Structures are given as C-alpha cells and as structure tokens.
Amino acid sequence: MQTAKVELIGISKNFPGVVALDNVDIAFQPGEVHALLGENGAGKSTLIKIMTGALSRDAGAVLINGKPVELDSPAAAQAVGIGAVYQEVNLIPSLSVAANLTLERQPRRFGFISWRKAAEDARVALKRLDVSIDVERPLGSYSLAIQHLVAIARALREDTQVLVLDEPTASLDAREVERLFAILRDLKARGLAIVFITHFLDQVYQIADRITVLRNGRRVGAGPTSALPQVELVSLMLGHELQAVEERRPPAEAKAEGEPVLSVKELGAKRVMAPFDLELRAGDVLGLAGLLGSGRTETAKLVFGASAADSGAIRVDGKPVSIRSPRQAIRLGIGFCPEDRKREGLMLELTVRENIILALQTKRGWLRLLSAAEQEKIASDMIRALGIATPDADKPVGQLSGGNQQKVILARWLVSNPRVLILDEPTRGIDVGAHAEIVALIRRLCAEGMALLVASSELDEIVAFSTRVAVLRDRRKVAEISGAKIERDDIVQAIAAP
Amino acid sequence: MRLDPPAALQAPTRRPAAAPKFSEWRAFWPLLALALILLVDAFISPGFFTIRLVEGRLYGSLIDILYRGAPTAVVALGMAVVIGARGIDLSVGAVIAIAGAVMTELIHAGMSAPAVLLATLLVSLICGLWNGALVALLDIQPIIATLILMVAGRGVAQMIDAGTIVTFRSDFFSAISTGRLGPAPSRIVVAAAVYALTWAAMRRTALGLFVESVGANAEASRLTGIDAKFVTISTYLISGVAAGIAGVLITSDIRGSDANNAGLWMELDAILAVVLGGASLNGGRVYIFNTLIGVLIIQSLTTSILVSGLPPEYNLIVKAIVVFLCLLLQARPVRQAVSGMIWAKRT
Amino acid sequence: MSILKHMLAAAVGAAALAGLSASASAQTIGFSQVGSESDWRTAFSADMKAEAEKRGIKLQFSDAQQKEENQLKAVRSFIAQKVDAIIIAPVVVTGWDQVLKEAQAAKIPVFIADRAVESDPSLFVTRIAADFNLEGRLAGAWLAQASKGNCNIVELQGTVGSAPAIERKKGFEAVISLFPNMKIVKSQSGNFTTSGGKEVMESFIKATDGLKDVCAVWAHNDNMMLGAIQAMKEAGLKPGKDVLTVSVDGVPDIFKAMLAGESDASVELKSDIGKYIYDVVQGYLKGKHDYPKWVLIPSDLHTPADAAEMLKKKGG
C-alpha cells in the first residue's frame, strides 16, 4: 500500500462571530496513530471537516507528500485517500449492511445494481476488519458497536491513506474497544495514518503515537505520546491546573437515611430486564455499572416508566404508585436524562431557553404558560449556574456542542426540581472539562438531598460519585456494593464473575 | 419592521457575514417576495394600489387580495399548527366542502343561523378529531390518515347535497362572508380574529411550545412528560375548525354549497403558504405571521394574474414560475448570494 | 337559424312516425349511460327512462359508473340479449371498434348519444347530441341583437382546454366577428364554478373601473354567471340593467335571477333529450336509414319572458 504524509498548514476558519480555527499546523505521518485532543469547541470537528472536504477553509493549505491539494468536497477528499467516520454514525439503518457499504459505488451488471456482487464486496470490506456478519440484514438490527465497525469499513477503501475516527469508542464496551484497537494496530502496520479523536485519555495512552492538543481554535501542544504525561495533557486541554478530576474520592460518609424516596420491588419486563429491586433515599447516588448491553439503560427506563414493565411494584415515600408513563413519573417528582441526547433528549430546533423550561412547563400544564420574563430568568440562571456556553438563550440548542447540550438537559430537569433524578450516561461524548463539572454537579445535588440513579460505562466515574453501586450483567442485577467498600476492583470482579 | 438605528450603523464595521442583519429576520425573505410581486403589479396595473370607499366599504385590488385571501389564510393558519407538530392535513379542502354542505342543509332545515354556525363548526371539529385519532391513536402516518378524509369527505359533501349545487339565502351568513364591519369587509375581520386566536393559543398558552416540541422530537417530548397524543389531536382539531370556518366563508360567498368545487386544492395552497412562510415540513416551528405572508404571496399572485389580462392558458405556468422563484429566495445558497449582493452595493 | 327550424320540422315528422310504430310491437332498447356524475347526467337518465315508458319501449338501462370496462360489459350483454337497438353514451372516446363490430355482426344498430367516439363511422348509425359551438353562436346572436351590434364584452371562460369552453368561445366569436363594434375586452377562466366566476368578475370590475364602457358579460356556464352577478351586485352595479348577461346551461337559479331582473339570457343545455334520441332510433328501426352522422339536438335560448315557465319545468 502506498502511503503518504498529510500536512495541514496554517489552517484558519471563521464562523459568524466565532474563530473556529486560528492558524493551525498539523502533520499526520504514515504508520502512526495521531490523537487529536481538546475540549468541546476546541476546533477538532471543524479541523476534520476541513480535512474531509465537508467544510471549506478560510486560509491555509493542505499538502499530500508536499503537494498542495484542493479538498472542496467529500468526494475530493476520498479521491486523495482521506476517509472519515464521524461521531454520529451517518449510515442508513433501514438499508442492509451491504447497501450501506456500497452506497455510492454499487457494483453494476448490465446497468443494474448487482446485489450479489454488493454483498460480496461488503463481506470483503468487513473481512479487513475481521468482522463476519450477515450483510443482507438491515444495519439497524445490529448493535451500535457493529454499526460503528461497518462505518469504519465504509470509510476504509483500498486506497485509503488517512483514516479519521471521531470518538470511535464512545459507544463500545471494553472488549469491543480492544478489538477496535487490534484493528487499528493492524492498519497502522500497513502504513495508514490514523487520526484518533477521543475523550478517553487512557485510550490515548494505549494506542496513540503522537498527540496534538487544540484549545479555542489554536494548537496549544503537540508531541510524541511518551513525552506528554497525563496530568500535563489534561492541563493543556483545560488551560488550567485541574484538581477536580484527580479528586476522585467517594463522598465522605453516605448520609442517606430514613424512608426510601423511591423503592422498586421485582420490577422487570420479559426479554428486557430480569426483575430487580432498588431503593433510593434522599442523598443517595446509586450507580448502575455494567458492560454495554448489561441492562443499564433498560433499568433506568423501566423505573421512569419510559418502557413498559410487566411485573413489579414501585413505592414513592412508602406509598404504592403506578408508573406506566413518563408523565406519571414526572408528576411523582422523577426526572430522566437519557443516554441518546439527540434522539430522546433534545428538541434541536427549539432554543436553549425552550429546552430548559420544557419539563417545568409540562408540570404546569399547557394553560399556565411561564411568562417571557420567567422563562428568561430561569434560562439565564441555569446558563450561568451550569456554565452553558451559548451566546444567548435564544440560540437553537442543535448549534451547541455535546457537553453544552447535556448541560441543557440537566438544566431542564433541575428547573423542574425533582426528588429523584435518573441520569443515563451523563458524561458520554463530552470533553474533560464538562465531564468534571458534571461529576461535581452530581455530588452537589446529592449533598443537597436529591436522590440520584446514575448509569455509566466509566467505572472511575461511578466510583467517584456513587454512595452505592448496583452491578448489572446480562440484563440482570447481580450485586449491590455500598459504603466504604466501593472500589473499582470490586465492581470489575462483580461484572466479570461467572 | 423594527430597525434599530445604532445596530444598523454598527453593522458595516463588523465582519461581512454579520452585516445585513435584517436579512436574518425570519419574515424578511417572505416579505421581500411579496414586495416584489406587488411592485410588478404597480407597473402592470396603475390603479392597483388605489383604495377608496365605495358605498361605505373599502374598495380596491389590495382589499381584494385580503378579501379573497381570507379563507386561505384561515386554513393555512390551522395548517401551520399541524405542520409545526410534524403532521400534515390533506383533508382541509374536503372539510370545507362538508362544512358547506352541512351548513346549507341545516339552513334549509329551518335552523336559526347562529345554531347552524355552531353545528357546522362542531361537524368540522369532529372531522379534525377523526384525523387526530387516526394519527395519534392508531399511529397512521399523517399524509395517509388525512388522505382518507380528503377523498371520502368530498363524497360525503356530495351525498349531503344529493349531487347538486344547493343554494340558499341567509342575511346572517352573507353578513359574515360578504358583508362589512365598518368600512372593512367582515371576512377580513373573521380572518384577523382567527389569526389572533391562533396566536394566543400558540404564544399565550404552552400549547405552542408543546406543538413545536412534539414536532421537533416526539420521543424526547414523551420522555419530558408532554402528552404527545393530546397535542397531536389538538393540532388536527384546530386545523379542522379552521377549515370549517373557511367553509362557512366560501359557501356564504356564493350563497350555495358546491360540493365538487368548494375548497378544491385548498390544502395545497395552505401547505404552500406555510412553506413560503419559511417553515419546514419536518415540523418543530410554527410561524404564524410568516404563514399569513405566504397566503398574501399566493393571493396577490392570483389577483395580479386576473388583473393583468393575461390569457387564462398562462395562469398556471406564471403561478408556478413565481412560486418557484419565491421558494428559490428561501434557499440558503440563494439567500447568501443575494445578501452578498446587497452587502456589496452598500459598501 | 333556418337550418334549426328545418331540423326541428324533420324531428317532429319522425316523432309522428315513431308514435305510430310504438303501439305495434314492444321494442327492446339497451342504453349504456356514463354514470351519474352531474345534475345534468342524472336528469338525462331520468328523462330517457320516462320517455321510454311513454313510448312503450322496454329499456335495458345500465349505469357504467364512469368506467369503460363496465360499459363494454353492458354492451356485450345487450348483444347477447338480442335487443333491437343499442344506445351508448360513451365514457371515453376511443376503444370502441371491437365491440361495435360485434354488434354489427349481430345485426343490432348502435346509436351514440352525447359525447363522440373515435371509430369507423360505418360501425354506428349516428350520433345524437347538442352542439357547444351552436350554443356559443346562439348567445352571440342574442347579444348582437340586444346590443344592436355595439358592445364591449367581458368573458368568463370555462375550464381551460375543455371541449365546451373551446367550442362555446369559438361559436360566440364567430358571430360577434360579423359586427365591427362588438369585441371581447377581458377574458379569463372561471373554471365553470360559481366562486371562480365571482372572483374573476371582481377583478374585471377593478380592471375596468366599475365596468365602465362594458356592455355585457358572457359566461360559458350559468354557475359562473351567478357568481358574476353577485360580484356586480356587491360592487354596487345592477346586472341585467347596467350590463347585459348571457350564459349557457339553463339551471333553475339562472331563471330565478331572470325573474329578479338580474340576468338577461341563457342557452339551455337540454336534459330532456330522450325524445330526440328515440325519434332517431325508432325512425331507423322503421326503415329510415338516411340519417347524417351527427343528428343535432336543438338548443334554445331563454329570456325573462319565459323564465317563469322554464323554472316550473325544471322543478325549481
């Protein structure tokens, strides 16, 4: 495979009112994994969009083997060997895997698409990644992890020289991450340059050879991974020395006591989640730990009434209640931040303000509209309190970065003042700074006496904020660990136990 | 148009992209399209802008546009709400015919005029309920669900009329549709009242927020506790009643129920008006004022063609071309190019 | 109009002959009707049935519900029943040759009513229908007489491209072109609907500054004229007095308007045409074989003078 060095020199890009990239230099060497790091809004996405022809640059040049190239369309970028997989997998779930893999280069026979040939091509493409699945089935019927591998297979053509991966591991569990890394090492050995964007710092040290750090559109640091210890890296990314991230000790003593606010007995649904018990007291943070597919999201949704349970009983303040819909759960003072923000959380066309007041307005009913002044005050209070980065409250929430979108959903529920807040992967796909802020927020809410149920795939995070941890495996609650015993190793053991 | 002088003065000193600030105002492009059409009218028909009082009522082509546009405006306002919740109501034309037939039948049955009006609106409310139930409760796609009533509704109206054009005399209904309130034609007052009610429902209750929320993301709305079924059904109720009101205006206008033709293709004009107003058929936003401008664009176009003396064979093609140009003006690349030209001229 | 009188005379003569034969032996006639899509069509069907009963004809009536296949089926069943004659009011223009040949083979004469067919003319006896062009000419002739050949006219056309709109316009223009001082000053389509007629008329009123120098409104049907009359009244004009009106159809409401002095003339589109059709059919069965390929149904123009009588006849 012929491979090349790709250089970006002096790249600048302005959006109305924002400098997204300011004179950034970066070079991707063949046979290297190059981690591109930075907080949300640092300019990572803009940079890769320019590299892959999705955006035009205002200034600068792109050189391949020293020769300038014009990347004015995604096709042009592909033609010179740059392939990319975006964070939000942009494939079509209703089409078959084979159709997705051959979307704009269907093999033809007598002018008609040859689906047999397409299936063959698809199998070959997946074989390169050591994936063997039924390519005739719709993509949507596979797990997110498989979908991601299909997306990589799609980006990886015979002549690909640079592969850009934007948060490829965000939805993968540990085993799948290992598998992906094995594939990346293989590609690297074949001489590809790999651009790896992630917020998992451990993974950076596992796989990356070289790191470039962006902040506010500028390159603030670059070098071989070995020369950049984690603490220094984090400080580069955040621009200030951060103690919060390191301060990962569990809350002093679980002060949760008294009657449970919420208690769940034998709640379950066939083929979704085996019946389980949970108890939440004021001041509790119950962590839900487990691998991808262990039933974290399912547990959260059953408690919230978002999916239907076919067994079990729920009590709020000791009184039996029926929760058959989110509406009923919300009336009982329960809130829920879903894992899939775009699909289940946000109304992207609506403004930050409207998204924030929505849950409160729902509680008040449609006749008692919050006045413009009230809405304005609530929104601006929350924007300030959670540090949501937006020029004003009337910006459509779809234009915010992932971390800020997550804060908007959190704000929505905090405004409605729930007694129990369920958070499903609250830090997924957001940068280190926002991450730390959200962990701190969870601790603060707990200290203020709210009861929280938090599902997370990051063990360190669970250890950092939980007063108790429920461990899930294969859609079953297998253990509950509480008090001073919460240690990473215990949880790992509970997850791994046969 | 609210123009803040300091902002306008500051604009040029900023970055070029931010300069034509008022072009970012949502109503700017639809208003520009409307202004261009009226400008052409000024050339082809010198008396176009003359408004005078004839026998106590306002008289002139501009008044005609408002007068003729009133039923479409009423229907389009309801359509804007439905589309805001990511629905669509193809049945409005048929509901107009049903309302006309029911109203005519009841007048002939000797019912008092106000009772006829109430009963007619009740029937159109039921039509809306039918659509809403199909969409929200049976989960049928809106375009299919409302297609049922679109096709069957006209048949129902023809059945009520027994296949003929049934005419009637009613001072009450003539007053509503063709009479005047002071110097203003009363149907313009009716349309204005519907506008005010829609605005109040959308902006003075939380219904508008919920409609837009359901339109933007139905699943997220459910998880936020919004009763999406209730919201969806209420949009179709609003659209149904709006079509009923338009049916009363149209039927009273010709003093007869013409089941074959009343409201024919009105659903398309209404959808077009909403789209000309800048809304997306993917829902998420209800633009009430802009929808009204969309209606005025369509109606001023029709009135202009009639006044121009163009042979009727050209009506449709001229209409299609102008609508195409208006939609072109809404397309982002064209907007940017036009903004750029305006900007270049200013510097 | 002498042709018209001549034809009427011929028709009356034929009717007399037919009347004699009716009592002799009961004839069986099959009639395949389009459907019942309009008032006019329904009245036409009713008249065909009533007239058959009056003449002692056994009528096999078949409603095709506007589907050609139903019509072909009906005609074949008439052939199988060996009826004496077949009348077809065709749904569509083309596709008739095969079934007409089958009828010819069975020696059953076929008569076409109303709309035309495109087929070998030897396969059917004749078509019996009114003439849109004649309706236009009648309207034009009346207006020429009423305005003494001096008139600026505004025209409300029917649906663009439809046969009645094209032919009525042609016929009307053919007559007024004989008068140098008659001309159409405005013309637009009102789509044959009342609301269309009203809206277009409103724009004409604006464009001509209150119909200044306009002496007449000519509409391709009565419904549009009824809308135009409302528009004129709402603009403070007096239709029928300030402006002459002439239209086509003869619906009950136009006669009501005549009685109120708001309308001047309407050419009747007859629905009681059974007598014209049966006259030809029975005449043929009696042995008269020299019919032209198009037997015209006469068109009559009505004015306020006979409006009351017409209204009564129409059951209004």
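The values are calculated or read from the model by the stated rules, or taken from the named source; none is laboratory data. Remember, it's a predicted structure, so these values are computed and weren't measured experimentally. In this analysis, Cβ positions are derived from the backbone assuming ideal geometry, glycine residues included, and neighbour counts consider all displayed protein chains. The area values use the complete protein model at the heavy-atom level, side chains included, leaving out ligands, DNA and RNA. Shrake-Rupley method; radii C 1.70, N 1.55, O 1.52, S 1.80 Å.
Of note:
- Charge sum, other residues only, whose C-beta stays under 13 Å from B:L129's C-beta, Lys/Arg counted +1 and Asp/Glu -1: 0
- Whole-angstrom gap from the stretch C:39-65 to the stretch C:173-231, using each part's C-alpha centre: 36
- One way to sum up the overall shape of the stretch C:132-268 is the equivalent ellipsoid from its Cα gyration tensor, whose semi-axes run 19, 17, 15 Å, largest first.
- Value of relative contact order over the stretch A:262-496, rounded to a whole percent, pairs C-alpha under 8 Å and six or more apart: 30
- With both residues required to sit in the protein assembly as shown, DSSP beta bridges show an antiparallel share near 40%.
- The mean accessible area for residues of the stretch C:179-261, using a 1.4 Å probe and ignoring ligands and nucleic acids, is 31 Å² per residue.
- Convex hull volume per residue in cubic angstrom - Cα atoms of chain B: 166
- Extension reserve of the A:D186-A:R368 stretch, reckoned as 0.36 nm per residue once the Cα distance is removed: 59.5 nm
- Unit charges at the beta carbon, dipole of the stretch A:262-496: most positive-side option, A:I442, A:A274, A:P391: A:A274
- Calculated diffusion of the protein assembly as shown, Stokes-Einstein form, Kirkwood radius summed over Cα pairs, 37 °C and 0.692 mPa s, µm²/s: 92
- Convex hull per residue volume in Å³, alpha carbons only, for the stretch A:341-470: 112
- Accessible surface area normalised per residue over the stretch A:262-496 is 38 Å², counting heavy atoms of protein chains with a 1.4 Å rolling probe.
- Residues B:T302, C:T94, B:T104, sorted by accessible area with the largest first, give C:T94, B:T302, B:T104 [1.4 Å probe; ligands and nucleic acids excluded].
- Within the accessible area of chain B, the carbon and sulfur atoms contribute 70%, probe 1.4 Å, all protein chains present.
- Gyration tensor over the Cα atoms of the stretch A:131-235: the corresponding equivalent ellipsoid has semi-axes (square roots of 5 times the eigenvalues, largest first) of 28, 15, 13 Å.
- Given +1 at the Cβ of Lys and Arg, -1 at the Cβ of Asp and Glu and no other charges, the dipole of chain B around its Cα centre is 1260 debye to the nearest 20.
- For the stretch A:262-496, with +1 on Lys and Arg beta carbons and -1 on Asp and Glu, the positive-most of A:T299, A:S311, A:I422 along the dipole: A:S311
- Placing R0 at 51 angstrom, the Cβ-Cβ distance between C:D306 and B:L281 gives a FRET efficiency of 0.35 after rounding to 0.05.
- Computed [θ] at 222 nm, deg cm²/dmol, chain B (DSSP H ≥ 4; -39,500 (n - 2.57); rounded to nearest 500): -22000 deg cm²/dmol
- Computed FRET value (nearest 0.05) for B:V338 with A:A75, which takes r as the C-beta separation and R₀ as 25 Å: 0.35
- For the stretch C:99-143: rounded, prolate or oblate by the Cα gyration tensor [a/c cutoff 1.5]: prolate
- Couplings 3J(HN,Hα) for the stretch B:301-317, derived from phi with the Karplus relation 6.51 cos²θ - 1.76 cosθ + 1.60 (θ = phi - 60°), are 5, 4, 4, 4, 4, 5, 6, 5, x, 5, x, x, 4, 8, 3, 5, 5 Hz, where x marks Gly and Pro.
- Among the listed pairs C:K183/C:K233; C:K170/C:K312; C:K54/C:K314; A:K44/A:K188; C:K49/C:K293, a Cα-Cα separation exceeding 29 Å is found for C:K170/C:K312.
- The stretch B:30-55 residues near the modelled B:F289 label - backbone nitrogen below 16 Å, point 7 Å along Cα→Cβ: B:30-35
- Along its three principal directions, the equivalent ellipsoid of the stretch A:297-402 from the Cα gyration tensor extends over semi-axes of 29, 17, 11 Å, largest first.
- With the simple spin-label model, which puts each label point 7 Å out from Cα in the Cβ direction, the B:I144 to B:K229 separation comes to 1.9 nm.
- For the pair A:K342 and B:A331, label points projected 7 Å from Cα toward Cβ lie 2.5 nm apart.
- Surface composition of the stretch C:132-268: carbon and sulfur make up 53 percent of the accessible area, probe 1.4 Å.
- Counting only other chain Cβ atoms within 10 Å of each residue's Cβ, the peptide A:340-352 averages 5.
- Taking 7 Å steps out from each Cα toward its Cβ at B:F172 and A:V220 produces label points 7.4 nm apart.
- For C:M182, the amide hydrogen comes within under 5 Å of the amide hydrogens of C:C151, counting only partners 5 or more places away or on other chains and with H modelled in the peptide plane.
- Model label zone, C:K170; criterion: amide N under 18 Å from point 7 Å along Cα-to-beta-carbon; scope the stretch C:265-307: C:293-297, C:299
- Residues whose placed amide H lies under 5 Å from that of B:L181, excluding near-sequence neighbours: B:S186
- Computed E for A:F112/B:L36 - FRET, C-beta separation, R0 41 angstrom, nearest 0.05: 0.30
- Alpha-carbon centroids, the stretch A:306-358 and the stretch A:76-97: separation in whole Å: 34
- The C-alpha atoms of chain B define a longest principal axis, and helix B:266-276 lies at about 20 degrees to it.
- Close amide H pairs (under 5 Å, H built 1.01 Å from N) link A:D277 with A:E266, residues at least 5 positions away or on another chain.
- Taking all protein chains as they are arranged and a probe of 1.4 Å, the heavy atoms of C:Y276 leave approximately 30 Å² accessible to solvent.
- Extension gain, B:L316 to B:L197, is 39.5 nm, computed as 0.36 nm per intervening residue step minus the present C-alpha separation.
- Shape index of chain A: Rg/Rh, with Rg the Cα radius of gyration and Rh the Kirkwood radius from the inverse mean 1/r over Cα pairs, equals 0.98.
- Magnitude of the charge dipole for the stretch A:6-238, about its Cα centre and with charges confined to Cβ atoms of Lys, Arg (+1) and Asp, Glu (-1), is about 560 debye.
- 23 Å tail of the calculated P(r), the stretch A:262-496, as % of Cα pairs: 47
- Just checking the listed ones, B:V190, B:V82, B:V248: in the Gaussian network model of chain B with Cα springs under 10 Å, the one fluctuating most is B:V190.
- Each principal axis of the Cα atoms in chain C has its own extent, and those three values, largest first, are 65, 37, 36 angstrom.
- Distance histogram for the stretch A:6-238 (every C-alpha pair counted, 10 angstrom bins, percent rounded to whole numbers): 8, 32, 35, 19, 5, 1, 0
- Between helix C:132-146 and chain C there is an angle of about 40 degrees, using the helix long axis and the longest principal axis of the Cα atoms.
- Area hidden from solvent between C and B (accessible, protein heavy atoms only, 1.4 Å, total, Å²): 2300
- Using alpha-carbon coordinates, inclination of helix B:113-132 to the longest axis of chain B, degrees: 70
- A full extension of the chain between A:V492 and A:K377 corresponds to an added length of 36.9 nm, given 0.36 nm per residue minus the alpha carbon distance.
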